Amino acid sequence: MVQRLTVLGLESSCDDTAAAVVRQRDGAGAEVLSSVVFGQTDLHSAFGGVVPEIAARAHAEKLDTCVLQALESAGMTLDDVDAVAVTAGPGLIGGVMSGVMCAKGISAATGLPLIGVNHLAGHALTPRMTDGIAFPYLMLLVSGGHCQYLIAHGPEKFTRLGGTIDDAPGEAFDKTARLLGLPQPGGPSVEAEARKGDPKRFRFPRPLLDRPDCDLSFSGLKTALMRMRDQIAAEKGGLTRQDRADLCAGFQQAVVDTLAEKTRRAIDLYLQQSPPDPVIAVAGGVAANSAIRSALETVAAENGARFTAPPLRFCTDNAAMIAYAGIERFRTGARDGLDLAARPRWPLDQTSPAMLGSGKKGAKA
């Protein structure tokens, strides 16, 4: 058993170029020695969303600088690192390829072991890095591109209880922001507006609550908001600031209520397995939303489960979670060769049927 592991992590699956150094001693918690993130918000702001080609080029330009800064911040060189971990999917394929090729170059030049990491596993294992929780735990992974309930049994063993059948919540927040003329990323913008609004003025649907499972849908919620916006604009000749704030508040409350109820159902399924220390964890970019966190914490308390959520800087995409997931894989004996492939699709639960369809490149989720 390796007593101490220090891993360099790389993340480039969407629009954040990140590198980090994480260390863990056997039997002890993880220590994030450095975490560097170069965002691309300014590059994509004029387009109302992430442009894959622009993102990929920015990753290729910034990855080496990001790695150097992460090593310098940790007071290390590559000689002090035991392995290099990299997001190998899922994500925008150009960005994923940029990170994988950079990691391969480091591995080939130094002889360091290469570890490919599922980006979703990085999020799902983050509560172990930050809070040291034990398996099995219930995870709500909620981000811009993904939303699913998982029981985490081990570093590479996950059971999906349910998830979105269309848009993820983060995607719905981004689309709502565009519909209302708010800046991207949409999550923080809509949340800020919602604080000034009345969540009871507009009653939006709570999708799929008539179904007893843990599946979710957010596409129709976004469409309902668009129709309400158009109705108000037609009646009044435009939207006031208060109209916009109330629309955001109503939309956000619908998301909160939906996630809270579906989480209750997921907890029921999780507790059927009689976990010795029931824990529900939430991670992913949308986990930074304070209203969602508060509602989930209440649901967990009502059901006798402990609630945990990572610090906000580890909710959004970062490389510390990739480095830590690499440590978890490394300890199981996992290694990858220089033939490691970048994957646009890579579901965590490899046994459950695909929720969003499948094609030549595999299941989407």
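The values are calculated or read from the model by the stated rules, or taken from the named source; none is laboratory data. These numbers were taken from a predicted model, which means no experiment stands behind them. No Cβ is skipped: glycine too gets one built from the backbone with ideal geometry, and neighbour counts run over all protein chains shown. The accessibility values were calculated without ligands, DNA or RNA, using every heavy atom of the protein model including side chains. Shrake-Rupley method; radii C 1.70, N 1.55, O 1.52, S 1.80 Å.
Structure above, values below:
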read-out: Residue satisfying condition, being surrounded by 24 or more Cβ atoms within 10 Å (Cβ to Cβ) and in contact (Cβ under 8 Å) with a residue 24 or more places away in the chain, within set Leu150, Leu112, Leu92; value: Leu150
read-out: Meets criteria (hydroxyl-bearing (Ser, Thr, Tyr) and either in contact with a Lys or Arg (Cβ under 8 Å, 6 or more places away or on another chain) or open to solvent by less than 10 Å² (accessible area, probe 1.4 Å) (or both)) for Thr298; value: no
read-out: Single unsatisfied condition, Ile292 versus (1) out of contact with any strand residue (DSSP E or B) (no Cβ under 9 Å at 6 or more places or on another chain); (2) in contact (Cβ under 8 Å) with a residue 24 or more places away in the chain; (3) in a helix (DSSP H, G or I); value: (1)
read-out: Output for the range 153-196, where each listed residue is free of Cβ contacts under 8 Å to residues at least 24 places away in the same chain and surrounded by 21 or more Cβ atoms within 10 Å (Cβ to Cβ); value: Ala177, Gly186
read-out: Subset of the range 69-112 [in contact with a Cys (Cβ under 9 Å, 6 or more places away or on another chain) and on the phi > 0 side of the Ramachandran plot]; value: Gly91
read-out: Selected residue (criterion: farthest from Gln69 (Cα to Cα)) from residues of the range 15-32 that are touching a residue at least 24 places away in the same chain (Cβ under 8 Å) and open to solvent by 40 Å² or more (accessible area, probe 1.4 Å); value: Asp26
read-out: Restricting the range 197-253 to residues that are without any contact (Cβ under 8 Å) to a residue 40 or more places away in the chain and of a type in the set (S, T, N, Q), the residue that is nearest to Leu179 (Cα to Cα); value: Thr223
read-out: Condition met for Gln252 (modelled with pLDDT of 95 or more, of a type in the set (S, T, N, Q) and either assigned to a loop (DSSP other than H, G, I, E, B) or more than 23 Å from Val142 (Cα to Cα) (or both)); value: no
read-out: Residue under evaluation Ser45, criteria (1) over 22 Å from Arg331 (Cα atoms); (2) surrounded by fewer than 23 Cβ atoms within 10 Å (Cβ to Cβ); (3) at pLDDT 95 or above; (4) hydroxyl-bearing (Ser, Thr, Tyr), criterion not met; value: (3)
read-out: In the range 266-287, the residues that are touching a residue at least 60 places away in the same chain (Cβ under 8 Å) and assigned to a helix (DSSP H, G or I); value: Ala266, Ile267, Leu269, Tyr270, Gly285, Val286, Ala287
read-out: Selection count where residues are open to solvent by 30 Å² or more (accessible area, probe 1.4 Å) and part of a helix (DSSP H, G or I), scope the range 198-249; value: 17
read-out: Phe38 farther than 17 Å from Lys104 by Cα, modelled with pLDDT under 90 and aromatic (Phe, Trp, Tyr); value: no
read-out: Exclusive hit being out of contact with any strand residue (DSSP E or B) (no Cβ under 6 Å at 6 or more places or on another chain), open to solvent by 70 Å² or more (accessible area, probe 1.4 Å), closer than 22 Å to Gly144 by Cα and hydrophobic (A, V, I, L, M, F, W, C), set Leu312, Leu338; value: Leu312
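Table: residues versus (1) of a type in the set (Phe, Trp, Tyr); (2) open to solvent by 30 Å² or more (accessible area, probe 1.4 Å); (3) in contact with a helix residue (DSSP H, G or I) (Cβ under 6 Å, 6 or more places away or on another chain).
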site: Pro52; (1), (2), (3): no, yes, yes
site: Lys62; (1), (2), (3): no, yes, no
site: Ala70; (1), (2), (3): no, no, no
site: Asp79; (1), (2), (3): no, yes, no
site: Val84; (1), (2), (3): no, no, yes
site: Lys104; (1), (2), (3): no, yes, no
site: Ser107; (1), (2), (3): no, no, no
